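A.B. asks: This is the structure I have questions about; it appears just below.
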Amino acid sequence: MITRRSLAAFAAGSLMLPAVLRAQQPSATMPAAGKRPWASEVPQIRVGLLGGENEADRLGRWDNYRKLIEETFQVPTRLYPAADYAGVMQAFAAKQIECSSMGASGYAGTWLDTNGGVEPLVVPREQDGSIAYISVMIVRKDSGITSLEQMKGKSLAWADPNSTSGYLIPRSELRGQNIDINSYFSRTGFAGGHEQAVVAVQQKQYDGAVTWASGQGDEAQGFTRGNLRSMVEKGMLNMDDMRIIWKSRPIPNGPLVVRSDLPAGFKADFRQFHLALPTAHKAIYEQIERGGGQGYAEVTHDMFAPIVQLRREEAAERRRRS
């Protein structure tokens, strides 16, 4: 179960990056185009794409990024869209992909499943320079629901069992508010992704859903970055029809993850590529990040240690329930 110690650590803000990493990052130059010595060990770069958005949109949104990687490092680069978060996690475990952007919970689960076989390189920075985002609970305005208390006896859609903002953290925080999830809601279920969770609320399949947002900027436009902003920009969502009734504490942004067994040169080049991407290719950066921010910050595994602990405890609770 999620322990008092875990919840206390979360409340104290230990899931946030140290303040020094919220400062301005040094500028980086895009790596010069050309084949690298590590190419003999990495003959192709396979990029995993998380589920939670329809496949055509995912492939379209990431294709310019794929082309840029291929042009820069002169190594064939392919996109591998997964049906859900678990698909990317399993692909890492089977060494079928080299890299993927993941949520903090997905990274933590993959790190556990592979015994440290993956590592983070960078995380996105928000408009104010911070490297955290929030989980939000959203309902239809015409539902009459205006607060978390009014969700009692109503149905709630989770995004994905391996989602940080769409499952792990909302469950942790609600328990911290002494809410028994199994009895508080009439039912809960997995919608198949963040986009699908919001659509399920729009179509009245669920009363509420949890999803992710930067928590910054204009709420009426879905904030500056996140699933809501992406759906607004695609014409799938009008925030005037919806109401946000709950927001989590800040959650560490999910990292760009690579396999630990890849050459050090690849990791260094890939890190530099991403640190330079927002300035050198702003449109591509905004496409893959579903909105704008201040680029990326370098990180290490230590930032995600509390999330790893939450994953361990969540797994232990599932075993007790089965």
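A.B. asks: Could you please tell me which pairs satisfy a Cβ distance under 6 Å, a separation of 6+ or placement on different chains, a first residue in region 289-305 that is aliphatic (A, V, I, L, M), and a second residue that is part of a helix (DSSP H, G or I) and surrounded by fewer than 23 Cβ atoms within 10 Å (Cβ to Cβ)?
C.D. replies: Within 6 Å, the pairs are ALA297/LEU21.
A.B. asks: Here's something else I'd like to know. Could you list, in sequence order, all residues of region 107-145 that are of a type in the set (Gly, Ala, Ser) and surrounded by fewer than 18 Cβ atoms within 10 Å (Cβ to Cβ)?
C.D. replies: Within region 107-145, GLY116, GLY117, GLY129, SER143, GLY144 meet the criteria.
A.B. asks: Related question: Among all residue pairs at least 6 apart or on different chains, which show Cβ distances below 8 Å where the first residue, located in region 238-253, is among the small types (Gly, Ala, Ser) and the second is buried (at least 18 other Cβ atoms within 10 Å of the Cβ) and part of a strand (DSSP E or B)?
C.D. replies: As it stands, the answer is SER248/ILE134; SER248/SER135; SER248/VAL136, since those pairs meet every condition given.
A.B. asks: Moving to a separate point now. What is the number of the single condition among (1) surrounded by fewer than 17 Cβ atoms within 10 Å (Cβ to Cβ); (2) outside the structural domain of TYR80 (by TED's automatic domain parsing); (3) not hydrophobic (A, V, I, L, M, F, W, C) that ASN162 does not meet?
C.D. replies: (1)
A.B. asks: To continue, here is another question. Can you tell me which residue is modelled with the lowest pLDDT among those in region 276-316 that are surrounded by 13 or more Cβ atoms within 10 Å (Cβ to Cβ) and either touching a Cys at 6+ places or on another chain (Cβ under 9 Å) or acidic (Asp, Glu) (or both)?
C.D. replies: This residue is GLU314.
Results for (1) under 25 Å from GLN44 (Cβ atoms); (2) hydrophobic (A, V, I, L, M, F, W, C), shown as yes or no for each residue.
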site: ALA93; (1), (2): yes, yes
site: GLU98; (1), (2): yes, no
site: ILE138; (1), (2): no, yes
site: LEU156; (1), (2): no, yes
site: ASP160; (1), (2): no, no
site: LEU174; (1), (2): no, yes
site: GLN177; (1), (2): no, no
site: TYR184; (1), (2): no, no
site: GLN196; (1), (2): no, no
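A.B. asks: Can you spot a residue in region 170-187 that is buried (at least 23 other Cβ atoms within 10 Å of the Cβ), outside the structural domain of GLU286 (by TED's automatic domain parsing), farther than 25 Å from MET303 by Cα and of a type in the set (Gly, Ala, Ser)?
C.D. replies: Within region 170-187, not a single residue is buried (at least 23 other Cβ atoms within 10 Å of the Cβ), outside the structural domain of GLU286 (by TED's automatic domain parsing), farther than 25 Å from MET303 by Cα and of a type in the set (Gly, Ala, Ser).
A.B. asks: Could you grab me the full set of residues in region 235-264 that are in a loop (DSSP other than H, G, I, E, B) and in contact with a helix residue (DSSP H, G or I) (Cβ under 7 Å, 6 or more places away or on another chain)?
C.D. replies: Within region 235-264, LEU237, SER248, ARG249, GLY254, PRO255, PRO263 meet the criteria.
A.B. asks: On to the next question. Only one residue in LYS267, LYS204, LYS234 is outside the structural domain of GLN150 (by TED's automatic domain parsing), surrounded by fewer than 19 Cβ atoms within 10 Å (Cβ to Cβ) and either under 18 Å from the mean Cα position of the chain (by Cα) or more than 16 Å from TYR167 (Cα to Cα) (or both), so which one is that?
C.D. replies: So the residue among LYS267, LYS204, LYS234 that is outside the structural domain of GLN150 (by TED's automatic domain parsing), surrounded by fewer than 19 Cβ atoms within 10 Å (Cβ to Cβ) and either under 18 Å from the mean Cα position of the chain (by Cα) or more than 16 Å from TYR167 (Cα to Cα) (or both) is LYS267.
A.B. asks: Within region 90-100, does at least one residue satisfy the condition of being surrounded by fewer than 21 Cβ atoms within 10 Å (Cβ to Cβ) and within 18 Å of the chain's Cα centre (by Cα)?
C.D. replies: Yes; the residues of region 90-100 include at least one that is surrounded by fewer than 21 Cβ atoms within 10 Å (Cβ to Cβ) and within 18 Å of the chain's Cα centre (by Cα).
A.B. asks: Going residue by residue through region 75-83, is there one that turns out to be surrounded by 14 or more Cβ atoms within 10 Å (Cβ to Cβ), part of a loop (DSSP other than H, G, I, E, B) and in contact with a Ser or Thr (Cβ under 8 Å, 6 or more places away or on another chain)?
C.D. replies: The answer is no; no qualifying residue exists.
A.B. asks: Consider region 237-258. How many of its residues are crowded, with 21+ Cβ neighbours inside 10 Å and farther than 14 Å from VAL199 by Cβ?
C.D. replies: Total meeting the criteria: 9.
The values are calculated or read from the model by the stated rules, or taken from the named source; none is laboratory data. Given the structure is predicted, the values throughout are model-derived calculations rather than measurements. When we count neighbours, we look across all protein chains shown, and the Cβ atoms used for this are built from the backbone with ideal geometry, even at glycine.
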